[in-house]
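Asker: Before we start, here is the structure in question, set down as structure tokens.
The values are calculated or read from the model by the stated rules, or taken from the named source; none is laboratory data. Because the structure is predicted, anything quoted here is derived from the model rather than measured. Glycine also receives a Cβ, built like all others from the backbone with ideal geometry; neighbour counts cover every protein chain displayed. Note: accessible area is taken over every heavy atom of the protein model, side chains too, but ligands, DNA and RNA are not part of it. Shrake-Rupley method; radii C 1.70, N 1.55, O 1.52, S 1.80 Å.
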Amino acid sequence: MTRGRFITLEGLEGAGKSTALARVREYLQRQGIDPVMTREPGGTPLGERIRALLLGQSEPPMAPATEALLMFAARSEHLDKRIRPALERGQWVVCDRFTDASYAYQGWGRGLGAERIAALEDWTQGALRPDLTLWLDVPVETGLARAAGRGEAPDRFEQERDGFFERVHEGYAALAERFPERIRRVDAGQPLEAVLTALEEALASAVTRWLSGTEAH
Ligand code: T5A
């Protein structure tokens, strides 16, 4: 049995990931693929409980290392209960955020550094990495304004200030430069239809290669 493909979506708050996920699923279904759709932090009953801890208010403020370890605790459960079993069955998995978010938010945003995240990544994931990451790259102000425009109470991350999201953005840009084969940047500052078209093009170019068998994994 060939392992399924693992696709992740990344970007700042308000980048349009939730909207884009529906388009990714529709595209894959048109190719005859019925993917497992999931998200991080979360994706399992225990992971969703950890998500509530991570996104809820914390007083005194949660320490950066605690935050990183909770992200990876949820991820370990997610990999064990859902992601690996699905991939091993040959199913494709599409995940709203994955370890690149830990690099960007905890490594860059909180200043923990990439080395600590890499150590947790290696321990938790072994050799498993996404086959494709679609990075919805939105300017910080645009993304935050969109997120605020939903009229929901901001979560713990959305309340960050003092250059936090600029550092997160810098982190994503550094990752995209380091892994150009895996991470495809989509300009998410455009009107929604243009974003979705660019996203589908990036996805289609990878999926066509995989389905034609010209790229092993
Ligand atoms: N996190 C996560 C870490 O710190 N480390 C980790 O390892 C992981 C996995 C998760 C939080 O956890 C952090 C990152 C996050 O802060 P979340 O709620 O899952 O939180 O993620 P968010 O990014 O906060 O989700 P959002 O819903 O805010 O962002 P989306 O999904 O990117 O945005 P979306 O699609 O909901 O769009 C927001 C609004 O903008 C509109 C949409 O209609 C919607 O109203 N919109 C557009 N409007 C105009 N033009 C466009 N192109 C638009 N695209 C979307």
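Asker: Note the angle between two axes, namely the Cα long axis of helix 114-125 and the longest principal axis of the Cα atoms of the chain, as a number of degrees from 0 to 90, rounded to the nearest 10.
Answerer: Roughly 50 degrees, rounded to the nearest 10.
Asker: Run the accessible area of region 6-212 with a 1.4 Å probe and give the carbon-and-sulfur part as a rounded percent.
Answerer: Here it works out to 54 percent.
Asker: Next question, about the same structure. Given a 1.4 Å probe and the protein chains all in place, what does the accessible area of HIS217 round to, in Å² to the nearest 10?
Answerer: Here the accessible area works out near 100 Å².
Asker: Net charge near ALA86, counting Lys/Arg +1 and Asp/Glu -1 over other residues with Cβ under 12 Å of its Cβ?
Answerer: Within the 12 Å Cβ shell, the charges total +3.
Asker: Heavy atoms of the protein only, probe of 1.4 Å, neighbouring chains included. What is the accessible area of MET62 in Å², nearest 10?
Answerer: 40
Asker: Rg(Cα) of region 6-212 divided by 2.2 N^0.38 Å?
Answerer: Compactness ratio reported: 0.98.
Asker: Further question: Local charge sum around GLU215 (other residues, Cβ-Cβ under 15 Å, Lys/Arg +1, Asp/Glu -1)?
Answerer: +4
Asker: How big is region 148-204 on each of its three principal axes, counting only the C-alpha atoms and giving the largest first in Å?
Answerer: 36, 28, 15
Asker: Something else about it: In Å², what does the accessible area per residue of region 6-212 work out to with a 1.4 Å probe? Don't jump to the answer; show the numbers that get you there.
Answerer: Numbers: 9660 Å² over 207 residues.
Ligands and nucleic acids excluded, the figure is 47 Å² per residue.
Asker: Between region 115-160 and region 188-217, how many Å separate their Cα centres?
Answerer: So the two Cα centres are separated by 20 Å.
Asker: Still on this structure, I have one more. Tell me the relative contact order for region 6-212 as a rounded percent, counting alpha carbon contacts under 8 Å between residues six or more apart. Numbers along the way, then the final one.
Answerer: Details: 289 pairs, mean separation 65.6, N = 207.
Once divided by the residue count of region 6-212, the mean separation gives 32 percent.
Asker: Run lengths n ≥ 4 of DSSP H only: what is the helix-derived mean residue ellipticity at 222 nm for the chain, with -39500 (n - 2.57) per run over all residues, to the nearest 500? Working shown, then result.
Answerer: Working: 8 runs with 102 residues, N = 217.
Result for the chain, helices only: -15000 deg cm²/dmol.
Asker: Taking the chain as the reference, fit the longest principal axis to its C-alpha atoms, fit the long axis of helix 45-55 to the helix C-alpha atoms, and give the angle between the two in degrees, 0 to 90, nearest 10.
Answerer: Its long axis makes an angle of about 40 degrees.
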